[in-house]
Amino acid sequence: MLAPEEKRGVSLGIQMFICNQEHYGFLPMPLKSHQMLQEEAENFVHTLIEAMIDRPPVEPSQYVSVPLKHPDKMGFDEIFMINLKRRKDRRDRMLRTLYEQEIAVKVVEAVDGKALNTSQLKALSIDMLPGYRDPYSSRPLTRGEIGCFLSHYYIWKEVVNRELEKTLVIEDDVRFEHQFKRKLMKLMDDIAQAQLDWELMEVMGPWPVGIS
């Protein structure tokens, strides 16, 4: 989208250059003719959360009245967000990102794999499979990967103990797809209407997800 003076420059045959070395800000995706105001709001929210990937949150002007949001669990019994205690930066960013999308979560302290030692692994009855090599990098499991597995394992135990039927687990480095909440809720409705017998879904981009 060109500003009027830029259009005049093009019409006069003046060559233009785009600078990708400096960051000048963010622009929401323009609406198409068939799109509604709700989609404009979702585009704006997506712009806000994309800006938070590697920058501080975009705060509203003191002269603008911003309505309160009402986070919910999107129809899930619980939404767990895994976060390392020492990564407060990720926790703060994720909680703000989730709030902007009106998604309510329970923060779960991750198992810090870097803090695990051999005696702790033995106490947890964790033994490495002899000769196991990661199929992608051809190396043994790292302590960080073991900590990641244990974090998910303890959530599975909580799901069983609380007899939760439907849960969502996310990690603190998620980058949300445009209209994530709407798409996921629509997917869950479609699955319910189709009466699919499922146990596990892997919610990853690009859409759609893997179901088993």
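The values are calculated or read from the model by the stated rules, or taken from the named source; none is laboratory data. What you see is a predicted model, and the numbers here were worked out from it, not measured in a lab. Here Cβ is always computed from backbone atoms with ideal geometry, including for glycine, and neighbour counts include all displayed protein chains. In case anyone asks, the SASA skips ligands and DNA or RNA and just uses the protein heavy atoms, side chains included. Shrake-Rupley method; radii C 1.70, N 1.55, O 1.52, S 1.80 Å.
The table that follows gives values for the structure above.
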| item | result |
| --- | --- |
| Region 72-202 - percent relative contact order, Cα under 8 Å, separation 6 or more | 37 percent |
| Percent RCO, i.e. relative contact order, over region 1-149, from Cα pairs under 8 Å lying at least 6 residues apart | 16 percent |
| Acute angle (nearest 10 degrees) that the helix 37-51 long axis makes with the longest principal axis of the chain, alpha-carbon atoms | 70 degrees |
| 0 to 90° range, to nearest 10: angle between helix 180-194 axis and the chain longest Cα axis | 60 degrees |
| Share of carbon and sulfur in the accessible heavy-atom surface of region 78-212 [1.4 Å probe, %] | 53 percent |
| The chain - mean residue ellipticity at 222 nm from DSSP helices (-39,500 (n - 2.57) per run, n ≥ 4, rounded to 500) | -11500 deg cm²/dmol |
| Mean projected area in nm² (Cα convex hull; one quarter of hull surface) for region 70-212 | 10.5 nm² |
| 10 Å beta-carbon shell around Asp112, net charge (K/R +1, D/E -1) | +4 |
| Local electrostatic count, Ile53, Cβ distance below 14 Å [Lys/Arg +1, Asp/Glu -1] | -3 |
| Solvent-accessible heavy-atom area per residue, rounded to whole Å², over the chain at 1.4 Å | 74 Å² |
| Equivalent ellipsoid semi-axes - Cα gyration tensor, region 8-121, angstrom | 38, 23, 13 |
| Fraction of the pair-distance distribution of region 54-141 above 15 Å, Cα-Cα pairs, percent | 74 percent |
| Net charge over other residues, Cβ less than 14 angstrom from the Cβ of Leu184 (K, R count +1; D, E count -1) | -1 |
| Listed peptides 20-31, 148-159, 66-77 by packing density, highest first (mean Cβ within 10 Å) | 148-159, 66-77, 20-31 |
